[in-house]
1. For segment 83-141, evaluate the Debye formula with one uniform point scatterer on each Cα (no solvent term) and list log10 I(q)/I(0) at q = 0.14, 0.28, 0.30, 0.31 Å⁻¹, rounded to two decimals.
2. Relative contact order of segment 139-190, please, whole-number percent, based on alpha carbon pairs below 8 angstrom and at least 6 residues apart.
3. Evaluate the relative contact order of segment 132-226 (contact order divided by residue number), counting alpha-carbon pairs under 8 angstrom at least 6 apart; express in whole percent.
4. Heavy-atom accessible area per residue, segment 77-163, 1.4 Å probe: how many Å²?
5. Which whole-number percent is the relative contact order of segment 84-200 (Cα, under 8 Å, 6+ apart)?
6. What is the distance, in nm, between label points placed 7 Å from the Cα along the Cα-to-Cβ direction at Ser129 and at Glu203?
7. How large, in percent, is the carbon and sulfur part of the accessible surface of segment 85-200 at a probe radius of 1.4 Å?
Amino acid sequence: MATAEGTDPAEGTAEEAAEGVPWTRKRTGRRPGTTLSRVAILQAAQSRFAAHGYAGASIRAIAQDAGVDAALVHHFFVSKEKLFAASIHDALNPESVVEAVLAGGSRVGGTGQRLMRAFIELWEGERTSRQMRGILRSAVSHEAAARMMREFLTQEVLMPIAAATGRTQPEVRASLAASQLIGLAMARYVLGVQPLASLSHDELVAYVGPTFQRYLTGTLPSPAQG
(Lines give C-alpha, C1' and ligand atoms only; values in the text may rest on other atoms or scores of the structure.)
Protein backbone atom coordinates (compact mmCIF):
# COMPACT_ATOMS: atom_id res chain seq x y z
CA MET A 1 0.00 0.00 0.00
CA ALA A 2 1.33 3.47 -0.87
CA THR A 3 1.80 5.57 2.24
CA ALA A 4 2.10 9.26 2.93
CA GLU A 5 5.60 10.60 2.38
CA GLY A 6 7.77 10.02 5.43
CA THR A 7 5.36 7.60 7.08
CA ASP A 8 6.36 4.11 8.10
CA PRO A 9 3.91 1.55 6.65
CA ALA A 10 4.04 -0.27 9.97
CA GLU A 11 2.60 2.76 11.73
CA GLY A 12 -0.15 3.70 9.26
CA THR A 13 -0.82 7.17 7.90
CA ALA A 14 -1.67 10.22 9.96
CA GLU A 15 -5.10 10.27 8.29
CA GLU A 16 -5.77 6.69 9.36
CA ALA A 17 -4.76 7.52 12.91
CA ALA A 18 -7.14 10.49 12.87
CA GLU A 19 -9.95 8.14 11.92
CA GLY A 20 -9.15 6.00 14.93
CA VAL A 21 -8.68 2.88 12.82
CA PRO A 22 -6.01 0.29 13.62
CA TRP A 23 -3.29 0.45 10.96
CA THR A 24 -3.30 -3.34 10.70
CA ARG A 25 -6.79 -3.20 9.19
CA LYS A 26 -6.14 -0.23 6.96
CA ARG A 27 -2.95 -1.68 5.49
CA THR A 28 -5.08 -3.59 3.01
CA GLY A 29 -5.30 -0.37 1.03
CA ARG A 30 -9.07 -0.50 0.71
CA ARG A 31 -10.73 2.90 0.56
CA PRO A 32 -8.30 5.07 2.56
CA GLY A 33 -9.26 8.56 3.61
CA THR A 34 -11.99 10.04 5.76
CA THR A 35 -14.25 11.17 2.91
CA LEU A 36 -13.89 8.00 0.84
CA SER A 37 -14.46 5.79 3.87
CA ARG A 38 -17.62 7.62 4.88
CA VAL A 39 -19.00 7.51 1.35
CA ALA A 40 -18.15 3.83 1.02
CA ILE A 41 -19.95 3.04 4.29
CA LEU A 42 -23.03 4.99 3.24
CA GLN A 43 -23.17 3.28 -0.15
CA ALA A 44 -22.70 -0.15 1.42
CA ALA A 45 -25.46 0.60 3.92
CA GLN A 46 -27.87 1.69 1.20
CA SER A 47 -27.21 -1.53 -0.73
CA ARG A 48 -27.70 -3.64 2.40
CA PHE A 49 -30.92 -1.86 3.34
CA ALA A 50 -32.22 -2.32 -0.21
CA ALA A 51 -31.36 -6.03 -0.31
CA HIS A 52 -32.10 -7.09 3.28
CA GLY A 53 -34.21 -4.38 4.91
CA TYR A 54 -33.35 -2.56 8.12
CA ALA A 55 -33.36 -5.60 10.40
CA GLY A 56 -31.27 -7.70 8.02
CA ALA A 57 -28.52 -5.12 7.53
CA SER A 58 -25.96 -5.47 10.32
CA ILE A 59 -23.19 -3.01 11.09
CA ARG A 60 -20.65 -5.79 10.69
CA ALA A 61 -21.94 -6.74 7.22
CA ILE A 62 -22.05 -3.09 6.12
CA ALA A 63 -18.47 -2.59 7.31
CA GLN A 64 -17.34 -5.71 5.46
CA ASP A 65 -18.98 -4.50 2.25
CA ALA A 66 -17.31 -1.10 2.64
CA GLY A 67 -13.91 -2.62 3.38
CA VAL A 68 -13.54 -1.00 6.81
CA ASP A 69 -13.69 -1.98 10.46
CA ALA A 70 -17.07 -1.91 12.18
CA ALA A 71 -15.55 0.59 14.61
CA LEU A 72 -15.25 3.08 11.76
CA VAL A 73 -18.97 2.79 11.02
CA HIS A 74 -19.70 3.71 14.64
CA HIS A 75 -17.13 6.49 14.43
CA PHE A 76 -18.91 8.17 11.53
CA PHE A 77 -22.55 7.30 12.22
CA VAL A 78 -22.70 6.23 15.91
CA SER A 79 -25.45 3.63 15.40
CA LYS A 80 -27.37 1.75 12.73
CA GLU A 81 -30.36 4.02 13.36
CA LYS A 82 -28.31 7.12 12.60
CA LEU A 83 -26.78 5.40 9.58
CA PHE A 84 -30.27 4.67 8.27
CA ALA A 85 -31.24 8.30 8.86
CA ALA A 86 -28.17 9.39 6.89
CA SER A 87 -29.20 7.03 4.08
CA ILE A 88 -32.64 8.64 3.97
CA HIS A 89 -31.14 12.12 3.84
CA ASP A 90 -28.73 11.12 1.08
CA ALA A 91 -31.51 9.60 -1.02
CA LEU A 92 -34.14 12.33 -0.54
CA ASN A 93 -31.77 15.32 -0.54
CA PRO A 94 -34.52 17.37 1.14
CA GLU A 95 -33.00 20.77 0.42
CA SER A 96 -33.09 20.13 -3.34
CA VAL A 97 -36.63 18.71 -3.23
CA VAL A 98 -37.97 21.67 -1.24
CA GLU A 99 -36.23 24.11 -3.57
CA ALA A 100 -37.68 22.42 -6.65
CA VAL A 101 -41.22 22.30 -5.26
CA LEU A 102 -41.14 25.91 -4.10
CA ALA A 103 -39.87 27.21 -7.44
CA GLY A 104 -41.36 30.62 -8.00
CA GLY A 105 -41.05 31.72 -4.39
CA SER A 106 -44.39 32.69 -2.88
CA ARG A 107 -46.37 31.48 -5.89
CA VAL A 108 -48.41 28.52 -4.64
CA GLY A 109 -50.06 27.59 -7.92
CA GLY A 110 -48.64 24.33 -9.25
CA THR A 111 -47.12 23.31 -5.91
CA GLY A 112 -48.86 19.93 -6.01
CA GLN A 113 -47.76 19.22 -9.55
CA ARG A 114 -44.15 20.14 -8.77
CA LEU A 115 -44.23 17.89 -5.71
CA MET A 116 -45.48 15.02 -7.87
CA ARG A 117 -42.67 15.53 -10.37
CA ALA A 118 -40.07 15.68 -7.60
CA PHE A 119 -41.51 12.46 -6.20
CA ILE A 120 -41.19 10.76 -9.61
CA GLU A 121 -37.59 11.96 -9.91
CA LEU A 122 -36.75 10.34 -6.58
CA TRP A 123 -38.44 7.02 -7.27
CA GLU A 124 -37.40 6.66 -10.88
CA GLY A 125 -34.09 8.52 -10.99
CA GLU A 126 -31.03 6.54 -11.99
CA ARG A 127 -29.18 7.28 -8.73
CA THR A 128 -32.03 7.28 -6.24
CA SER A 129 -34.55 4.61 -7.29
CA ARG A 130 -32.73 1.72 -5.59
CA GLN A 131 -32.12 3.82 -2.50
CA MET A 132 -35.79 4.76 -2.20
CA ARG A 133 -36.92 1.17 -2.59
CA GLY A 134 -34.47 0.12 0.10
CA ILE A 135 -35.80 2.76 2.47
CA LEU A 136 -39.40 1.72 1.87
CA ARG A 137 -38.60 -1.96 2.23
CA SER A 138 -36.95 -1.23 5.55
CA ALA A 139 -39.85 0.95 6.68
CA VAL A 140 -42.51 -1.68 6.06
CA SER A 141 -40.56 -4.35 7.93
CA HIS A 142 -39.25 -2.49 10.98
CA GLU A 143 -40.98 0.01 13.25
CA ALA A 144 -37.88 2.11 13.97
CA ALA A 145 -37.21 2.46 10.24
CA ALA A 146 -40.86 3.34 9.61
CA ARG A 147 -40.76 6.02 12.29
CA MET A 148 -37.58 7.55 10.87
CA MET A 149 -38.98 7.58 7.34
CA ARG A 150 -42.26 9.17 8.47
CA GLU A 151 -40.55 11.82 10.56
CA PHE A 152 -37.97 12.66 7.93
CA LEU A 153 -40.44 12.90 5.07
CA THR A 154 -42.89 14.96 7.11
CA GLN A 155 -40.51 17.24 9.00
CA GLU A 156 -37.63 17.72 6.56
CA VAL A 157 -39.47 17.74 3.23
CA LEU A 158 -43.18 18.40 3.52
CA MET A 159 -43.37 20.73 6.53
CA PRO A 160 -41.13 23.38 4.91
CA ILE A 161 -43.26 23.16 1.77
CA ALA A 162 -46.56 23.39 3.65
CA ALA A 163 -45.31 26.25 5.83
CA ALA A 164 -44.06 28.20 2.80
CA THR A 165 -47.55 28.29 1.30
CA GLY A 166 -48.74 30.42 4.21
CA ARG A 167 -51.83 28.30 4.70
CA THR A 168 -53.23 27.25 8.07
CA GLN A 169 -52.46 23.92 9.79
CA PRO A 170 -49.18 23.12 8.01
CA GLU A 171 -48.65 20.05 10.23
CA VAL A 172 -51.92 18.53 9.08
CA ARG A 173 -51.20 19.38 5.46
CA ALA A 174 -47.72 17.85 5.62
CA SER A 175 -49.03 14.63 7.17
CA LEU A 176 -51.78 14.33 4.56
CA ALA A 177 -49.25 14.76 1.77
CA ALA A 178 -46.95 12.22 3.42
CA SER A 179 -49.72 9.63 3.58
CA GLN A 180 -50.40 10.13 -0.13
CA LEU A 181 -46.71 9.87 -1.06
CA ILE A 182 -46.09 6.71 0.94
CA GLY A 183 -49.28 5.04 -0.25
CA LEU A 184 -48.53 5.89 -3.86
CA ALA A 185 -44.99 4.55 -3.54
CA MET A 186 -46.26 1.27 -2.13
CA ALA A 187 -48.93 0.87 -4.80
CA ARG A 188 -46.83 1.84 -7.83
CA TYR A 189 -43.30 0.68 -6.97
CA VAL A 190 -43.73 -2.20 -4.52
CA LEU A 191 -47.11 -3.83 -5.17
CA GLY A 192 -47.28 -2.89 -8.85
CA VAL A 193 -51.00 -2.05 -8.74
CA GLN A 194 -52.28 -1.65 -12.30
CA PRO A 195 -52.92 0.51 -14.18
CA LEU A 196 -51.30 2.88 -11.66
CA ALA A 197 -47.91 1.19 -12.06
CA SER A 198 -47.96 1.79 -15.82
CA LEU A 199 -49.11 5.41 -15.87
CA SER A 200 -46.76 7.84 -17.57
CA HIS A 201 -45.14 10.66 -15.63
CA ASP A 202 -47.46 13.23 -17.17
CA GLU A 203 -50.50 11.12 -16.30
CA LEU A 204 -49.36 10.81 -12.69
CA VAL A 205 -48.89 14.55 -12.44
CA ALA A 206 -52.31 15.17 -13.99
CA TYR A 207 -54.12 12.66 -11.77
CA VAL A 208 -52.35 13.06 -8.42
CA GLY A 209 -50.91 16.58 -8.58
CA PRO A 210 -54.30 18.22 -7.82
CA THR A 211 -54.65 16.04 -4.71
CA PHE A 212 -51.33 17.31 -3.38
CA GLN A 213 -52.37 20.83 -4.32
CA ARG A 214 -55.56 20.48 -2.29
CA TYR A 215 -53.69 19.08 0.71
CA LEU A 216 -51.07 21.82 0.66
CA THR A 217 -53.03 24.92 -0.33
CA GLY A 218 -56.75 24.13 -0.33
CA THR A 219 -59.31 24.89 2.35
CA LEU A 220 -59.36 22.20 4.99
CA PRO A 221 -62.81 21.26 6.30
CA SER A 222 -63.54 22.03 9.92
CA PRO A 223 -63.73 18.97 12.20
CA ALA A 224 -67.28 17.74 12.71
CA GLN A 225 -68.76 18.90 15.98
CA GLY A 226 -69.72 15.95 18.15
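1. The Cα Debye sum returns log10 ratios of -0.43, -1.12, -1.20, -1.24.
2. Relative contact order comes out at 28 percent.
3. Computed value for segment 132-226: 26 percent relative contact order.
4. Value returned for segment 77-163: 46 Å² of accessible area per residue.
5. RCO, segment 84-200: 25 percent.
6. 1.7
7. Ligands and nucleic acids excluded, carbon and sulfur reach 56 percent.
The values are calculated or read from the model by the stated rules, or taken from the named source; none is laboratory data. Keep in mind that this is a model prediction, so the values were computed, not measured. Note that each Cβ is placed from the backbone with ideal geometry, even for glycine, and that neighbours are counted across all protein chains shown. Note: accessible area is taken over every heavy atom of the protein model, side chains too, but ligands, DNA and RNA are not part of it. Shrake-Rupley method; radii C 1.70, N 1.55, O 1.52, S 1.80 Å.
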